[in-house]
1. Other chains' Cβ within 10 Å of B:115-127 residues: what's the mean?
2. Can you list the copy-to-copy distances for A:Arg297, using a point 7 angstrom from Cα toward Cβ, in nanometres, shortest first?
3. Just report the Cα centroid separation between segment A:210-233 and segment B:20-81, whole Å.
4. Given H placed on each backbone N at 1.01 Å, which residues far from B:Ile328 in sequence or on other chains put an amide H within less than 5 Å of it?
5. Work out the mean other chain Cβ neighbour count within 10 Å for the residues of B:176-184 and drop it here as an integer.
6. Can you order the peptides B:267-280, A:322-335 by their average number of other Cβ atoms within 10 Å per residue, highest first?
7. Taking 0.36 nm per residue of separation and subtracting the Cα-Cα distance, what length does fully extending A:Thr178 through A:Thr104 add?
8. I'd like to compare B:58-71, B:7-20: which one has the highest average count of other Cβ atoms within 10 Å, and what's the full order after that?
2 protein chains.
Amino acid sequence: MKLSSLKQGRDGRLVVVSKDLTRATDAFFIVPTLQQALDQWEKVAPLLADLAEQLELGSVPSFRFHEHDCASPLPRAYQWADGSAYVNHVELVRKARGADMPDTFWTDPLIYQGGSDGFLNPRDPIPAIDEAHGIDFEAEVAVITGDVPLGATRGEAAAAIRLVVLVNDVSLRNLVPTELGKGFGFFQSKPASSLSPVAVTPDELGEAWDGGKLHLPLLSSLNGTLFGKPNAGVDMTFDFATLIAHAARTRNLGAGAIIGSGTVSNKGADGGPGQSIADGGVGYSCIAELRTVETIRDGKAKTPFLKIGDTVRIEMKDKAGQSIFGAIEQDVARHERKT
Amino acid sequence: MKLSSLKQGRDGRLVVVSKDLTRATDAFFIVPTLQQALDQWEKVAPLLADLAEQLELGSVPSFRFHEHDCASPLPRAYQWADGSAYVNHVELVRKARGADMPDTFWTDPLIYQGGSDGFLNPRDPIPAIDEAHGIDFEAEVAVITGDVPLGATRGEAAAAIRLVVLVNDVSLRNLVPTELGKGFGFFQSKPASSLSPVAVTPDELGEAWDGGKLHLPLLSSLNGTLFGKPNAGVDMTFDFATLIAHAARTRNLGAGAIIGSGTVSNKGADGGPGQSIADGGVGYSCIAELRTVETIRDGKAKTPFLKIGDTVRIEMKDKAGQSIFGAIEQDVARHERKT
């Protein structure tokens, strides 16, 4: 089934969305919010699945579904942990700055603790405080879990995957070096992220979902031009089960935990850096990766980070060309303090 | 007023607690949980304050308050960001490993993004997966905020402080070097933390609260012996308003955000490392700091990290010797998977 949270209050109003994303029906009489649904998934998931079936059959009242009415599926969440599962991407970024990558990066997942107290709505602008911050998008896939016990095995972790979403992990690249240099990870350099309008259960993904990876191209566009279409199932060194188990090694994860893949990235056909779309490759899921390739190739990066007025669009289509999660589509807009 | 969440469901049951922590009264008819109270603070805080006044007068039904019935005031939260405001402590730790500290550490706050999807109850054991992880406590003060807008000034940040709590920021010291070496901050090395049984509004702290710092000794005991009593108002380089404003520089903070001080630490009378309680000093708020002092003084650390069976107690008393927040008191117990 497909679920969405329409904008309402702090936690949205849960609706079930049709497979083709054209219609929706209220789920509040079953459970008012997605977080509450995740809190009691075993009880309410079958009821929501029934409602989804009735929606497809046209046997319940429904209304036109508009993606711009959506909040983030979880407008705020208790846990957002983002992996760097496409190690290719990490290696490339380090190569560009002349740093070796320890071999353990291929065997020990890298994950960072993100902030989850407020996600941007999927069609809301990315607030630009200062273009000099080096605003970038990062297109990712993420899963939303049920309760995961401390020490969960990969099998238990896989079984805890409830929903799949897309993410725009907004990053302020020029704040990263100073912040990471302080040794405690990201904070100001990772402001609010965005999730796709719709969250889907793994069964909606059919053969594209193998239990741990999503084997479809992730489409990123910049100002209407395709920027990347790497396959999220390719070059993903750590699958979601592995990322979840890593995150749960010393703690429980609460229902509604969002675990991200990190920027989706595919190697080039020759095993080296991937080519841009213009050069016949699958392109990139963030500007930083293109800049890295430019640095390696030309000695310096030439593509600028996002500017005010730029638009980023992130979506994924099934084999039939149908949008699965709806689209994250965000302008970059100057941040104005509401007074 | 003083608020507590009794163990019930995922988010606890909100009660108002008497100033002397002996009695409590249900607040659920005003608002069921502390998170919901924080979500609509302007509306419900006056009602809760009235109830607190009636509780003191004995004019509402009440029951005996037991700290061991408490969940964390926020059993799960949307944001937990922990500062390192006692820069003295940071300098000391770096000195022990022969690393200089950049001067900017005295002017630019250091903060890490913590995980907030599950806090340990204040009397629950600290789960020991493996003693070799180097289990440590960190006694801290934290504030819980209302909504803080992106770009908030220090004044706005100070005005958003709703509640004050104590924290045991449990740390797995021997997992830290590898994790920080990967460059993305803490994750496995910072498992679930604990908050004090009671959260208090700043006005309950009287003159000890200056709007940004809490000027009272923070008492930590290990196995019944006083380990530290540094004053939380002394040597705090960045006050809470500064920490909150730093955290809100590129993002909104949602109501219920918990912002920690970092391990409370006082310099010695000579401006050098503080002395242990046994040596007549104010001691330390974590074992790592004592080990650091031992390393600087004797060339190697001799005090071990926590072992299974050890008990940590963290509390703070007012000038009259009355416990303000109740006590965090946690055994270290071998983690057993529930099957």
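The values are calculated or read from the model by the stated rules, or taken from the named source; none is laboratory data. The structure presented is a predicted model; accordingly, all values stated were derived computationally and were not measured. Because the Cβ atoms are built from the backbone with ideal geometry, glycine has one as well, and the counts that use them run over all protein chains shown. Side chains included, ligands, DNA and RNA excluded: accessible areas come from the protein's heavy atoms. Shrake-Rupley method; radii C 1.70, N 1.55, O 1.52, S 1.80 Å.
1. Average per residue, whole number: 4.
2. Distances between equivalent label points, in nm: 6.0.
3. Centre-to-centre distance over Cα atoms comes out at 47 Å.
4. Amide H neighbours of B:Ile328, under 5 Å, 5+ apart: B:Ile314.
5. 5
6. Details: B:267-280: 14.6, A:322-335: 19.3.
Ranked from most to least packed, the peptides come out as A:322-335, B:267-280.
7. Value of the extension gain: 24.2 nm.
8. Numbers: B:58-71: 15.9, B:7-20: 19.0.
Top to bottom by mean Cβ count within 10 Å: B:7-20, B:58-71.
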